[in-house]
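Here is the structure we will look at, set down as structure tokens.
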Number of protein chains: 2
Amino acid sequence: MAQVGERLIRTLSAKGLRVTEQRRTLVRLFAETSSYLSPKEVYFRLVSTHPGLSYDTVYRNLRLLQDLGVLERYHFDDGVKFRIGCFEDRHHHHHLICLSCSRIVPIDFCPMKHLNVPGEFQIVDHHFDVYGYCGQCRSQEDRGAESMEGLNHSGFERKKPSGKEERLCC
Amino acid sequence: MAQVGERLIRTLSAKGLRVTEQRRTLVRLFAETSSYLSPKEVYFRLVSTHPGLSYDTVYRNLRLLQDLGVLERYHFDDGVKFRIGCFEDRHHHHHLICLSCSRIVPIDFCPMKHLNVPGEFQIVDHHFDVYGYCGQCRSQEDRGAESMEGLNHSGFERKKPSGKEERLCC
DNA sequence: GTAGTTGCAAAAAGTTTGCACGACG
DNA sequence: CGTCGTGCAAACTTTTTGCAACTAC
């Protein structure tokens, strides 16, 4: 995954933006980390290597990278989180998202190919995500554990990701 | 739509919860209002009939009704918004959402009928929403207007809804 | 009457902004 | 060396919490 980070660094440079140590570390963090990171998590991960780092620098750079299309921002029940973009150099796809470990599995299936819309509605965008439990978490669960806690009535919210850091998409 | 509000009031009562004037007005507001309302919007709508109303009462009741499954909470770019639940007494469906006027059009199509998932992944929930511009907004747009402003690079965020209040779903 | 609810105030959490210093190119 | 980025502080917004007074049942 290191080359992903390097490429993004070059993207920054090509846009005339300064490549500071903070930005380099930030990009590397997202290039190497699976799933989602909140601004707070990002801050605590960076502050260890950058004593004196401030929250506003984190926020500014997260926003910058989001505007650049490098990062994607999502809202979860426990706040805003970022993750490296999937649009970079892959074709359009969607995700299976594990509610237990936050692992993300890409699926090529796109519902828009099957959808007939009322003619007067002009489609601009769509969101499709599938939530559930991945094989690994299910087998762990078999050895006695919680099952669907962390899921509220609407199923919209997600349980906090555990510490696992395995990248399965992008 | 008045009977929807009355039914929800009875739901409150049946759960042993007090039916206060604030709650009655709040439920009626959501029963009669289309699209989404932020806590702030809810507050300003209620404070006119309830002078002295406080924000925390709004927040507490929004959360209460969400926990009861009456309201659904969504995160948009400009913050959290609520809307009356669609699960009440309708079959499963999805939505076309107008990026201009926030109008919501139900569609019966569900992508899950067409999706083959990896066997080890246990599906619990899914989200599917289509964003675009409804026929009414498109025809207004024809008479010279903005087109896709309010949409960011990822298309995830939505433009602020205009003042229109026409309920097309639930 | 009693328990649930409200309003008030304050605190907490999350995010943004202005400004002077510092560092990248 | 000029410009952009950072750190600091403060402001701002959103949301939560403790508590006394109130009110629906």
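The values are calculated or read from the model by the stated rules, or taken from the named source; none is laboratory data. Just so you know, these numbers come straight off a predicted model, no measurement behind them. Here the Cβ is made from the backbone with ideal geometry for all residues, glycine too, and neighbour counts use every protein chain on show. Surface areas here come from the heavy atoms of the whole protein model, side chains and all, with no ligands, DNA or RNA. Shrake-Rupley method; radii C 1.70, N 1.55, O 1.52, S 1.80 Å.
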Query raised in the report: Going highest first, how would you order A:58-67, A:128-137 by mean Cβ packing within 10 Å?
Result: A:128-137, A:58-67
Requested in this report: State the percentage of accessible surface on region A:1-88 attributable to carbon and sulfur atoms; use a 1.4 Å probe and exclude ligands, DNA and RNA.
Outcome: 50 percent
Query - Complex-versus-alone comparison for region B:72-113, residues with a loss of 40 Å² or more in accessible area, probe 1.4 Å - result: B:73, B:75, B:96, B:109
Query raised in the report: For the pairing of chain A with chain B, what total accessible surface becomes buried, with a 1.4 angstrom probe, in square angstrom to the nearest 100?
Result: 4100 Å²
Query - Separation in nanometres of the label points that stand 7 Å from Cα toward Cβ, at residue A:19 and residue B:17 - result: 5.5 nm
Report summary line: Long-range amide H partners of residue A:38, meaning residues 5 or more apart or on another chain whose placed amide H is closer than 5 Å, are A:82
Report summary line: Measure of exposure for residue B:138: accessible area at 1.4 Å probe, Å² rounded to 10, is 90 Å²
**Report entry** Copy-to-copy label separations for residue A:108, where each label sits 7 Å from Cα toward Cβ, in nm and ascending
**Finding:** 3.1
**Report entry** Nearest-10 value in Å² for the accessible area of residue B:112, using the 1.4 Å probe
**Finding:** 40 Å²
Report task. Between copies, how far apart are the residue A:52 label points? List them in nm, one decimal, shortest first, with each point 7 Å from Cα toward Cβ, please? Result -> 5.4
Query raised in the report: If you put a point 7 Å past Cα along the Cβ direction, how far is that point for residue A:21 from the same point in each other copy, in nm, smallest first?
Result: 6.3
Query - Peptide A:60-68 - average C-beta neighbours from other chains (10 Å radius) - result: 1
Report task. Beta carbons within 10 angstrom, averaged per residue: use that to sort the peptides B:115-123, B:36-44, A:5-13, highest first. Result -> B:36-44, A:5-13, B:115-123
Query - Cα convex hull of region A:19-82 - mean projected area over all directions, nm² - result: 4.1 nm²
